[in-house]
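Below: the structure, in structure tokens.
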Amino acid sequence: MRPQGFEELVGQERALTLGSPLQRLLTGTGSVSIILWGPPGTGKTTIATLISAQTGRKFRELSAVSAGVRDVREVIEKAREDSSLYGTETVLFIDEVHRFNKAQQDALLPAVENGWVTLVAATTENPSFSVVSPLLSRSVVVKLELLDQASLRTVLIRAMESERGLGGTVTAAEAAMDALIDASSGDARRALTALEAAANATLARDSNEIAVEDVENAINVVAINYDKDGDTHYDVISAFIKSVRGSDPDAAMHYLARMLHAGEDPRFIARRLMILASEDIGLAASHVLLTAVAAAQSVQLVGMPEAQIILAHATLEAALAPKSNSVVTAIGAAMADVQRGRVGSVPLHLRDAHYPGASLLGHGAQYIYPHEENSGVASQAYLPEELEDSCYYKPSHHGTEERLRAVSDRLRKLRNGESLD
């Protein structure tokens with residue numbers, strides 16, 4: 001079921017935008033070496049094959065797992081000969097290029113530099129860390145994404161109906177189709193493998209409609225009721241957030257595992273953890289936000305299945321941390337005042353005094369520079385006069401914020417010129 005033309009490619013619309021390097025290479029209107037970076041089953045090998053087939057170029061393939069420098073040089077020499085003697089261009093596809101060492105990657109440079117080959121390299125790892133800089137600078141990196149539900153559905157329906165696939169011998173119940181999509185985790189190859197196994201199980205029981213049980217039996221995974229676009233999606237993520245907010249690490253692990261098992265995008269979970277770190281923990285344990293951000297970046301770089309360990313790390317730290325919603329209430333109260341029109345005028349001593357004529361308007365006059373004060377805090381007003389009694393930040397008694405409460409009170413007294421005794 002590998003696509004026979006680039007019009008059959010699904011799920012990579014962004015990479016194939018009209019005029020993009022990949023689209024121009026596939027249609028023969030451009031020639032540039034590219035590095036395809038993406039998870040398994042997103043079409044890297046297919047795209048490389050189509051580049052050759054669609055444009056009449058010779059296609060040579062090397063696997064970085066088994067090829068050495070000698071193999072690379074032999075292919076390049078042959079491509080150079082074909083180019084000079086017959087005017088034939090060669091597409092050199094290298095799978096898992098991140099497994100090539102520096103010497104092997106350096107061996108590719110003359111061929112790419114002189115246009116003897118159009119290099120198409122595939123990698124599941126970030127090229128910034130796994131590909132040498134000279135090769136990276138001579139190529140265009142194309143990021144391929146995991147296939148979404150609609151794209152996977154297209155792949156599965158096409159496979160069931162096409163003569164190249166199951167030729168209409170089976171159909172799939174809607175629940176079974178959802179189970180196949182969830183089990184594939186955005187990987188088209190995995191989806192097709194699961195479909196083939198489920199179809200065999202269906203035909204073995206003298207039926208032509210794949211049921212959920214066929215999918216479960218074929219791939220040995222229980223299909224969880226989890227609709228990424230429906231109520232279940234929102235119910236489970238809601239339960240996950242509320243479990244972390246409620247400081248229950250066991251419940252948080254349960255809902256995290258439930259989402260990951262069902263094929264939820266780990267980046268979505270990471271984004272929710274970042275929001276939660278400020279919304280429900282905030283200054284009570286500021287380090288949790290740093291962990292959540294690091295987790296989100298790590299998930300992007302590592303991908304599944306290892307990303308589940310990183311998400312579990314961040315989830316447990318968030319669940320066990322002291323909680324405070326003072327950040328939410330502070331910005332909420334401030335935004336409410338602004339939206340009601342309670343803004344007032346910026347005090348004259350705080351206004352910009354760096355342009356000609358500003359001093360004549362009184363801008364910056366009587367401003368006290370805090371660094372010149374012994375306490376490091378100047379006795380002066382910062383809020384507009386109309387809001388001088390407003391208090392937006394109200395620290396909790398939890399975690400680090402218990403100490404920050406005392407700091408906040410001390411700073412307020414110093415700004416108001418009050419005694420600290």
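What follows draws every value from the coordinates through simple rules; no lab data is involved. What you are looking at is a predicted structure, and each value in this text was computed from that prediction instead of being measured. Backbone-built Cβ (ideal geometry, glycine too); neighbour counts: all protein chains shown.
Semi-axes of the equivalent ellipsoid of the stretch 149-219 are 16, 14, 10 Å, computed as sqrt(5λ) over the eigenvalues of the C-alpha gyration tensor in descending order. Annotation: peptides 4-13, 33-42, ranked by per-residue average of other Cβ atoms within 10 Å with the highest first, follow the order 33-42, 4-13. If you wrap the tightest convex hull around every Cα atom of the stretch 343-415 and split its volume per residue, you get 116 Å³.
Just so you know, the Cα atoms of the stretch 6-143 work out to an Rg and Dmax of 13.9, 39 Å. Consider the candidate values [x] 0.95; [y] 1.13; [z] 1.09; state which one is Rg/Rh (Cα atoms, Kirkwood Rh) computed from the structure displayed. The value computed from this structure is option [y]. Can you list residues from other chains, or at least 5 along the same chain, whose modelled amide H is less than 5 Å from the amide H of LEU62? Residues meeting the amide H criterion: PHE93, ILE94, ASP95. In the stretch 231-320, the ratio of gyration radius to Kirkwood radius, Rg to Rh, stands at 0.93 when only Cα atoms are counted. Remark: relative contact order (the chain) = 11 percent; criterion is Cα-Cα distance under 8 angstrom and separation of 6 or more residues. When shorter helices are ignored and each DSSP H run of at least 4 residues is given -39500 (n - 2.57), the per-residue value for the chain at 222 nm works out to -15000 deg cm²/dmol. Extents of the stretch 266-367, largest first, come to 65, 28, 22 Å (Cα atoms, principal axes, whole angstrom). Under 17 Å of direct C-alpha separation, and excluding same-chain neighbours fewer than eight residues apart, LYS242 reaches these lysines: LYS323. For the peptides 358-364, 190-196, residues were scored by their other Cβ atoms within 10 Å and the scores averaged per peptide; the highest-first order is 190-196, 358-364. Of all lysines in the structure, those lying under 21 Å Cα to Cα from LYS143, and not within fewer than 8 positions of it along the same chain, are LYS44.
Note: relative contact order over the stretch 160-318, using C-alpha pairs below 8 Å and six or more positions apart, is 18 percent. Within the stretch 354-421, the GluC sites (Glu not before Pro) that combine a DSSP coil assignment with at most 15 other C-beta atoms in a 10 angstrom radius are GLU373, GLU388, GLU418. Check cross-link reach from LYS413 to the lysines: straight Cα distance under 25 Å, and skip same-chain residues fewer than eight apart. Answer for LYS413, where 25 Å is the Cα cut-off: LYS394, listed by chain and number. One Cα centroid belongs to the stretch 144-207, the other to the stretch 263-295; the line between them spans 35 Å. Between the residues HIS254, HIS287, ILE310, the greatest Cα displacement towards the positive end of the dipole of the stretch 231-320, with unit charges on the Cβ of Lys, Arg, Asp and Glu, is found for HIS287.
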